[in-house]
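A.B. asks: Once you've had a glance at the structure underneath, I'll fire off some questions.
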C-alpha cells in the first residue's frame, strides 16, 4: 500500500459550491475511485488550500490513474471541479494536484 498527500488551492468564491459537491459525490465517481484501488481518501481545507490524503493498494498506479482519467463520468466531475481549483505554481509537469513528500508516518 502506498500513501499519497496532495495539495491544491481552492478559489474562495467557489469554496461553498466545492463543499456542496463533495457532500454528495456522484456514486459513479465513488465507484471509480474504488475500482482504481484507492481507499481511505479524504480532503481537508485550510486557508484556501485543499489537502488530500489517499491510500493506493493496486499494482500499477499509472494504469489505474489512466483508467480513471479515461472514464467519461470522471471527466465530467473533473470539468466541474477544475474552475473551482487553482493548482500550485510549483507543481510538477503533468500534475493538477501537487504531490507532497511524506516526511513522517506512524502505523
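No value in this document is a laboratory result; all are computed from the given coordinates. Here the structure is a predicted model, which means the values were calculated and not measured. Because the Cβ atoms are built from the backbone with ideal geometry, glycine has one as well, and the counts that use them run over all protein chains shown.
A.B. asks: Just to check, using Stokes-Einstein with a Kirkwood Rh over alpha carbon pairs, what's the diffusion coefficient of the chain at 25 °C and 0.890 mPa s in µm²/s?
C.D. replies: 167 µm²/s
A.B. asks: When the scattering of region 15-65 is computed by the Debye formula from its Cα atoms alone, each counted once and equally, what is log10 I(q)/I(0) at q = 0.14, 0.17, 0.29 Å⁻¹?
C.D. replies: Cα-only, vacuum Debye calculation for region 15-65: -0.44, -0.62, -1.14.
A.B. asks: Which of 105, 22 comes first, and how do the rest follow, when ranked by fewest Cβ neighbours within 10 Å?
C.D. replies: Details: 105 6, 22 12.
Lowest count first: 105, 22.
A.B. asks: For region 93-107 and region 4-58, what is the separation of their Cα centres, given in Å?
C.D. replies: With region 93-107 and region 4-58 each reduced to a Cα centre, they are spaced 14 Å.
A.B. asks: Within 10 Å of each residue's Cβ, count the other Cβ atoms and sort 11, 67 from fewest upward.
C.D. replies: Starting with the residue having the fewest Cβ neighbours, the order is 11, 67.
A.B. asks: Would you list 71, 107, 47 from fewest to most Cβ contacts within 10 Å?
C.D. replies: 107, 47, 71
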